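Undergrad: The following block contains the structure, expressed as structure tokens.
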Amino acid sequence: MTMAITEPASLRLVYFAWVRERIGLPEETVTPPAGTATIADLVRWLKTRGEGYELAFENPAVVRAAIDQTHAKPATAIAGAREIAFFPPMTGG
Amino acid sequence: MTPLVRIQREDFDIGAEIAALTAGNPNIGAVVSFAGLCRDESGRLAALELEHYPGMAEAEIARVASEAAERWPLSGLVAIHRFGLIRPGEQIVLAIAASSHRREAFEAADFLMDYLKTRAPFWKREHLADGTLGGWVEAKADDDDAAKRWDQGV
């Protein structure tokens, strides 16, 4: 299957801990605009969707991401992703 | 050797987990276990609430456990992490490593905990002794440093 980077499919986004609280949703399905190629692109777009998103990503370097349940970096390509998660640095253990 | 990974709300029994791990394997000469408990922070906390990312929590701890199994000659490895409301004195996490000799077991259990803390998707929130909801626990730079030392050779 090939998927054009300029036409991302709909994506399931899941949020945890204070990222979830600031956005006000545990999860949602979105269709990012054409040209949304990386995690960093996705964050830039999400920040335009309202105050909660802006607050959640006010310091994007702090928020971690995972693509299909594997840790990802801001520069990681999102093409083909089904589920992308955003969350604060982990504090388990 | 396939590591055993469990994410659960219920408590665990360290003795029972060690017995299950060592049963039928007379080549095991060393078992190291680490249990992490909820502290009350000198009376400040009523409980910790642990949120997790179902699916990824299991997958990420399994990845860390597999790395440990590649790095050390182990006979068994267990990682159990609880979620939900956990009160002071209760157990949160368990790591057990079994091997023929002690050094491998100590190091593997230490490695498992260091990586689990920085990579497993769990978040702690404080519930305060006065009945109010506290804040989210912040990640510690110390924990990142502890995990990084395994990349630099021990």
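Undergrad: List every residue pair whose Cβ atoms lie under 8 Å apart, where the two residues are 6 or more positions apart in sequence or sit on different chains, the first residue falls within segment A:20-32 and is more than 21 Å from B:Lys124 (Cβ to Cβ) and among the β-branched types (Val, Ile, Thr), and the second residue, located anywhere, is modelled with pLDDT under 95 and not in a strand (DSSP E or B).
TA: A:Thr29/A:Ser10; A:Val30/A:Ser10; A:Thr31/A:Pro8; A:Thr31/A:Ala9; A:Thr31/A:Ser10
Undergrad: Would you mind stating whether A:Ala65 is among the aliphatic types (A, V, I, L, M), surrounded by 18 or more Cβ atoms within 10 Å (Cβ to Cβ), within 13 Å of chain B (Cβ to nearest Cβ) and under 30 Å from B:His81 (Cα atoms)?
TA: In short, yes.
Undergrad: Go through (1) of a type in the set (Ser, Thr, Tyr); (2) surrounded by 14 or more Cβ atoms within 10 Å (Cβ to Cβ); (3) more than 25 Å from B:Glu126 (Cα to Cα) and name the single condition A:Tyr53 misses.
TA: With (1) of a type in the set (Ser, Thr, Tyr); (2) surrounded by 14 or more Cβ atoms within 10 Å (Cβ to Cβ); (3) more than 25 Å from B:Glu126 (Cα to Cα) applied to A:Tyr53, the lone miss is (3).
Undergrad: Next question. Which count do you get for residues in segment A:73-86 that are closer than 15 Å to A:Glu28 by Cβ and either within 11 Å of chain B (Cβ to nearest Cβ) or part of a strand (DSSP E or B) (or both)?
TA: 4
Undergrad: Looking at segment B:12-46, which of its residues are exposed (fewer than 13 other Cβ atoms within 10 Å of the Cβ) and in contact with a Lys or Arg (Cβ under 7 Å, 6 or more places away or on another chain)?
TA: Passing the criteria: none in range.
Undergrad: Quick check on segment B:54-70. Is at least one of its residues of a type outside the set (Gly, Ala, Ser) and either in contact with a Gly (Cβ under 6 Å, 6 or more places away or on another chain) or over 22 Å from A:His71 (Cβ atoms) (or both)?
TA: Within segment B:54-70 (the criterion being of a type outside the set (Gly, Ala, Ser) and either in contact with a Gly (Cβ under 6 Å, 6 or more places away or on another chain) or over 22 Å from A:His71 (Cβ atoms) (or both)), the answer is no, since none of the residues qualifies.
Undergrad: Now for a separate question. It is to be established whether one or more residues within segment B:76-89 are surrounded by fewer than 24 Cβ atoms within 10 Å (Cβ to Cβ), touching a Lys or Arg at 6+ places or on another chain (Cβ under 7 Å), small (Gly, Ala, Ser) and on the phi > 0 side of the Ramachandran plot.
TA: Checked against the condition, which is being surrounded by fewer than 24 Cβ atoms within 10 Å (Cβ to Cβ), touching a Lys or Arg at 6+ places or on another chain (Cβ under 7 Å), small (Gly, Ala, Ser) and on the phi > 0 side of the Ramachandran plot, segment B:76-89 yields at least one hit.
Undergrad: For B:Pro54, state whether it is under 26 Å from B:Gly29 (Cβ atoms) and either free of Cβ contacts under 8 Å to residues at least 60 places away in the same chain or not small (Gly, Ala, Ser) (or both).
TA: For B:Pro54, the condition - under 26 Å from B:Gly29 (Cβ atoms) and either free of Cβ contacts under 8 Å to residues at least 60 places away in the same chain or not small (Gly, Ala, Ser) (or both) - is not met.
Undergrad: Does segment B:93-144 hold any residues that are in a helix (DSSP H, G or I), within 11 Å of another protein chain (Cβ to nearest Cβ) and farther than 22 Å from A:Gln69 by Cβ, and which are they?
TA: Correct list: B:Ala141 only.
The values are calculated or read from the model by the stated rules, or taken from the named source; none is laboratory data. A quick note: this is a predicted structure, and the numbers were derived from the prediction, not measured. FYI the Cβ positions are ideal-geometry reconstructions off the backbone, even for glycines, and counts take in every protein chain you see.
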